[in-house]
Every structure is written in structure tokens, then in C-alpha cells.
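Here's the structure we're looking at; comments come further down.
Just so you know, all these numbers are worked out from the coordinates, no wet-lab data involved. Everything numeric in this text was worked out from a predicted model, so none of it was measured.
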Amino acid sequence: MVSDVHGNAGDLAKAGEGADALICLGDLVLFLDYADHSRGIFPDLFGTENADRLVELRTARRFDEARDLGRSLWAGLDVDRDTAIEAAVRRQYAELFAAFPTPTYATYGNVDIPQLWADFAGAGTKVLDGERIELGGLVFGFVGGGLRTPMRTPYEISDEEYAAKVEALGDVDVLCSHIPPDVAELTYDTVARRFERGSRALLDAIHRVRPRYSLFGHVHQPLVRRMRIGRTECVNVGHFASTGKPFALEW
């Protein structure tokens, strides 16, 4: 299990060694590395100093000013914004999807661009969103993307649309999502010093369905990485971009 790969293709190529399957819970794209502001699509286009400023504004929750900064920088380039971003994302996806072992089961993160995945997912990679599969006698359900936030990342959807995907899974043994259930300890990032958005629909499903596991990522430095809700073990499988280490699920 990996999540929040954010461009770490080198470790991704080794993540499935010795496993029957690799499961990826999204956020393949690296737009901006908050630990190293020189890495990602944004600094490649606008430089590290502008990346420093953007991180400063976002960390201070000055989102309107951050968007104003972005607009002014894009206005100074002789290239269409969407075209430039898509080209950069395609370069990253080509490398990252090539690193997936067979079989890989993957769902989208909030910074991913779902409509591009079909161009890169080979026969050994199955993309799932609001869908379920059986692995080793257990039923795994997958819910991709994130909920709407002031960050306005590419794959954010309404609470209602997200809840409908969770509901469509029915009974599962392992609930796999990019974002965590809406529990304070699981959604608070201790470095960013803010709560990320978790899903109430996921939490309701945990109480209703009582899966063995709820597995997710999204929160890079959570206050709590693992906790039980009833019989369900909730696990943040980690910020793979920084650790390079997969979480192993054995049964």
C-alpha cells in the first residue's frame, strides 16, 4: 500500500517487491514539494523564490493572495496555463505509471487528473473509483479524490458526489480511499498545523459496514497514524514521497 507518491518514481518501482499486489491511493503528481520548494511543476515554471512565497501564503491560509500570485505569474508566461500543466503532468505520469508493478490497483488523489490516467495505465494497472475488487478472499472498495477546499486542487468533488461513491461500494472488508474519515486525530497535519478535509461519509460507512480496515493517505504528517473505530483498524499508509516505504497488509 502506498499513497501520496508525489513524483517518487524511484522508490515506487521497488514498492511492490515481495508482495502479491500493490495498491496506490493516489496523489501521483508533484506540483509543489512543501519540504523542498525547488521540486515540482510550480518551481520548474516560476522558480524557487516564487515557490517559497506561495508556500508562505498557503501556510498562513491567505488563499486569495496565493491565487492572486498564481494569476500574476501565469500572466507573465507566453504559454497557456492548462496546456503547460497538462504537459508537465503527462511527463510525470509517464514515469510513474511505468514504475507500477503488475498487478497494481490504484485510485485517484485530489491532485491527480483522472481523465489522463487512461493514457498511461497499462494492462497490469487497474484503476478503481467507487468500485470494488476481491483480493485473497477479501473485498476491497476504492474511493478516489478529495472534498472541496480553498486549495482548489484538480480532483475535488462535492460531499454528495463523494458520499454516493462510498455508498456504491456496499459491504467491504477493506475500505481504501485517498482522504481519511472525518476524525480530528486523523485529519490534523502537525507540520502544516491545520486540519485537512476528511469524509463524514467514510466515517459513517465505518460505523455501518464495520470493515476490517480503513486505509488512506492525504495527511502527510498526521497527529495519529493509526487508530481503531469499533472493529475497524484505520491506518494512514504514509507519505510515500518522503518515506519511500510502503505499508504492508498481510492476512
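Using θ = phi - 60° in the Karplus curve 6.51 cos²θ - 1.76 cosθ + 1.60, the 3J(HN,Hα) couplings for the range 197-209 round to 7, x, 9, 5, 5, 5, 4, 4, 5, 4, 5, 7, 8 Hz; x is entered for Gly and Pro. Report, to the nearest 10°, how far helix 159-169 tilts away from the longest principal axis of the Cα atoms in the chain, using its own Cα long axis and a range of 0 to 90°. Orientation of helix 159-169: about 30 degrees from the principal axis. The mean of 1/r over all distinct Cα pairs in the range 109-251, once inverted, gives the Kirkwood hydrodynamic radius of 15.5 Å. A straight chain from Ser242 to Arg212 at 0.36 nm per residue would run longer than the Cα-Cα distance by 8.1 nm. Under a cut-off of 14 Å between alpha-carbon atoms, report the aspartates and glutamates in cross-link reach of Lys14, not counting same-chain residues fewer than 8 places apart. Counting by Cα, and skipping residues close in sequence, Lys14 has these aspartates and glutamates nearby: Glu95. Here is the P(r) of the range 76-143: all C-alpha pair distances, binned every 5 Å from 0, give 3, 14, 23, 22, 15, 10, 6, 4, 2, 1, 1, 0 in whole percents.
Close amide H pairs (under 5 Å, H built 1.01 Å from N) link Val139 with Asp173, Val174, residues at least 5 positions away or on another chain.
List the residues, sorted by chain then number, that are 5 or more residues from Gln221 or on another chain and whose placed amide H is less than 5 Å from its amide H. Excluding prolines and chain starts, which carry no amide H, the hits are Thr190, Val191.
Computed from the C-alpha gyration tensor, the three semi-axes of the ellipsoid equivalent to the chain are 29, 21, 16 Å, from longest to shortest. Taking amide H as placed 1.01 Å from N in the peptide plane, the amide H of Gly26 sits under 5 Å from that of Asp4, Thr107, each at least 5 places away or on another chain.
Rounded to a whole number, what is D in µm²/s for the range 8-112 from Stokes-Einstein with the Kirkwood radius over alpha-carbon pairs (10 °C, 1.306 mPa s)? Translational D for this selection: 103 µm²/s.
Couplings 3J(HN,Hα) for the range 40-53, derived from phi with the Karplus relation 6.51 cos²θ - 1.76 cosθ + 1.60 (θ = phi - 60°), are x, 4, 4, x, 4, 8, 10, x, 5, 4, 5, 5, 4, 5 Hz, where x marks Gly and Pro. Couplings for the range 116-121, taken from phi via the Karplus curve 6.51 cos²θ - 1.76 cosθ + 1.60 with θ = phi - 60°, read 8, 5, 4, 6, 10, 6 Hz in order; Gly and Pro are left as x.
Under the shape rule built on the C-alpha gyration tensor, where the axes satisfy a ≥ b ≥ c, the range 189-251 is oblate, since a/c reaches at least 1.5 while a/b does not exceed b/c. For the range 3-74 versus the range 206-226, the inter-centroid distance based on Cα atoms is 23 Å.
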